[in-house]
1. Taking residue B:75 as the residue in question, decide whether it is surrounded by fewer than 21 Cβ atoms within 10 Å (Cβ to Cβ), more than 8 Å from every other protein chain (Cβ to nearest Cβ) and touching a residue at least 60 places away in the same chain (Cβ under 8 Å).
2. Which of the residues spanning region A:297-326 are within 14 Å of chain B (Cβ to nearest Cβ), touching a helix residue (DSSP H, G or I) at 6+ places or on another chain (Cβ under 8 Å) and either among the small types (Gly, Ala, Ser) or not in a loop (DSSP other than H, G, I, E, B) (or both)?
3. Would a scan of region B:201-219 turn up a residue that is crowded, with 20+ Cβ neighbours inside 10 Å, within 14 Å of another protein chain (Cβ to nearest Cβ) and closer than 13 Å to residue B:182 by Cα?
4. Of everything in region A:23-52 that's within 19 Å of residue A:185 (Cα to Cα) and among the small types (Gly, Ala, Ser), which residue is nearest to the other protein chains (Cβ to nearest Cβ)?
5. Please count how many residues of region B:258-277 are exposed (fewer than 13 other Cβ atoms within 10 Å of the Cβ) and within 30 Å of residue B:53 (Cα to Cα).
6. Could you check region B:123-142 and list, in sequence order, the residues that are farther than 11 Å from residue B:46 by Cβ, surrounded by fewer than 23 Cβ atoms within 10 Å (Cβ to Cβ) and within 11 Å of chain A (Cβ to nearest Cβ)?
7. When region A:306-321 is examined, which residues are found to be of a type outside the set (A, V, I, L, M) and modelled with pLDDT of 85 or more?
8. Yes or no: residue B:55 modelled with pLDDT of 95 or more, out of contact with any Lys or Arg (no Cβ under 8 Å at 6 or more places or on another chain) and either assigned to a loop (DSSP other than H, G, I, E, B) or more than 14 Å from every other protein chain (Cβ to nearest Cβ) (or both)?
Amino acid sequence: MRAWPLLLLALALSIVIAACAGHDWATPSDLFRAIAGATDLRSRLLVEWRIPRVLAAALVGALLGLGGTVFQGVFRNPLAEPYLLGSAGGAALGATVALLVPLAAPQSFVLPVLAFAGAWGATMLVIGISRVSGAVDAAGMLLAGVAVAAILGALRSFLMLALSDETVSLQIVLSWVLGGVQTPSWPILGLLAVISLACLMLTMVLASRLDVLGLGETMATAFGLSVNRFIAFAVLAGSVVVAAAVAFGGLVAFVGLASPHIARWLVGPLHRPLLPASALVGAIVVTSADAIARAALPPAEIPLGLVTAVAGGPFFILLLARRLRT
Amino acid sequence: MLRALLGAILAFGVALQPVAAAPVTVRDAFDRSVTVPAPPQRIVAIFASNVEMLAALGLADRIVGIESFTRYPPEVLGKPLVGGRLGFSVDEVVAQRPDFVVVTPSRQAANQLVDPMERLGIPIVVLLQRNVEEILSNIRLLARLCGVAERGEELVAKLQARLDRVEQRVAGLKPPSVVMITGRLGNGLLLVTRSGTYTGDAIVRAGGRLAFDGGIIAQVSPEAIFNSDPDMLLFAGTEKDMKELIGRPGWSDMRAVKTRRVHATSRVELLIPGPRTIDGIEHLAAIFHPATPSQ
């Protein structure tokens, strides 16, 4: 259990470094002055812009870590990931519809609802396809996920080409698709924190049953678990988590894949410690990636999704290679 | 009523004291109300169009930040860069300690900068240019905000007079149907000027007519251009690139190519919505209606 202080320390450190990072690096004492209420422009930049963004990045990362853990547990597939299973793509399509299609309801309500519907629908579709085709193994599921993600991506691109006002809405959608944490105001950040905590609790409820499911469907049934009903519920919960992450952070690749693996090395495979550990790892990864995105190529800012994809892609290839060898 | 009265009083006050540091409030293209407490002295101007408008108002020396695709006028070229192709940096904008930021919603500029500047209390104005009229009103708006309203009116009056001369010159002449190619995509598709844009408006004001409307998507296939059979084909770019394009299979059969009514036109005049767009309109009018003597 020595992993916990290590994780918490790493998270605190990554948050401080990320809050300092930028084209114009701040020192920890600058941060302290800003938080203490200094009113110069630079301090206000730190308090109103950079710190909320860093904290939002940490929470989005935590949600991705949770979502990835739930999906890997439900599908008993170490390669399962929201981004690859189509659920993130579904959430992005839902969000694109909310952003571009004129709907009667207010966007702040429609966007999370459609993002959730997209995430859930896409995941159910992937499960359905792999079940029907009898390919419920890792490869079959991933292939179905790739196909569904491609279709969803194409639909989203079409909506972007056809419906967006090039100058305004297209750019909002684009920044989503490329992944990037939006800087929330402090009250919205509070809301995100509450949502993240609720998601942690929701997934913790699943923890022991995810462990049982990990023994295999036959074994789980023997232990009295209603497998199909539980999978349906867990997918629903996972979709809620992914939708929350996508709503605040856009499409951020591979964090959901990598975090549970790193967390497993640290705390083992049982879900009760794995879920919070994975959330912490996700938070550390996204906070660091976001800092790189902001500071690497001044004066521009690289979309966060590109940073995580470039760093996470090789990780995925490594896992795939190891799995194919065994 | 009261607001109108107040507005009138305010306008009167501004007219009386053009140099006095009274707060000025405008509505920008996003219908945001933006107030500058005093004429800005440190301006971050994102995009060539906004830089060119400020420079035309004689305010180039107040610009403290530009983006990396701004190439004109020469006196702004050494200024600090706050963004480029990959987007714009809030950090870098703030580092210039601006008291005013002007952007156009392109390449994420408005999406990335409006929210943080609002939170930091730095006035930021978003300008759109959907037609030539809006270019002129943008010049007026910038002039008012920067405390040089009169200079703005003079500049706009001059530009308007030139537009009027073009209008008189082409009045009653039969407008040629025109396709203007503004870009080529790697997949062979072409970007064409559509109606509802300032470039489309410029073509109409110069006495032309868009041969077809690109529809909802700006990218079209060469086939669609052949089918539209325009009287005249314009290529926004160099003569060399234009010749390379029309040298490709199919293009030589076009009526406009056969009748040698293909012209390369200036990109900076017609694809940067600033004062130079008026130059572009004059040049287009001379291309469309060469029989009339050029001004």
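The values are calculated or read from the model by the stated rules, or taken from the named source; none is laboratory data. Everything numeric in this text was worked out from a predicted model, so none of it was measured. With ideal geometry, Cβ positions are generated from the backbone for all residues, glycine too; neighbour counts draw on all protein chains shown.
1. It is false that residue B:75 is surrounded by fewer than 21 Cβ atoms within 10 Å (Cβ to Cβ), more than 8 Å from every other protein chain (Cβ to nearest Cβ) and touching a residue at least 60 places away in the same chain (Cβ under 8 Å).
2. Listed by number, the residues that qualify are A:304, A:305, A:306, A:307.
3. Yes, there is a match, as at least one residue in region B:201-219 is crowded, with 20+ Cβ neighbours inside 10 Å, within 14 Å of another protein chain (Cβ to nearest Cβ) and closer than 13 Å to residue B:182 by Cα.
4. A:43
5. 0
6. B:128, B:130
7. The answer is A:308, A:314.
8. Taking the combined requirement at face value, the residue satisfies it.
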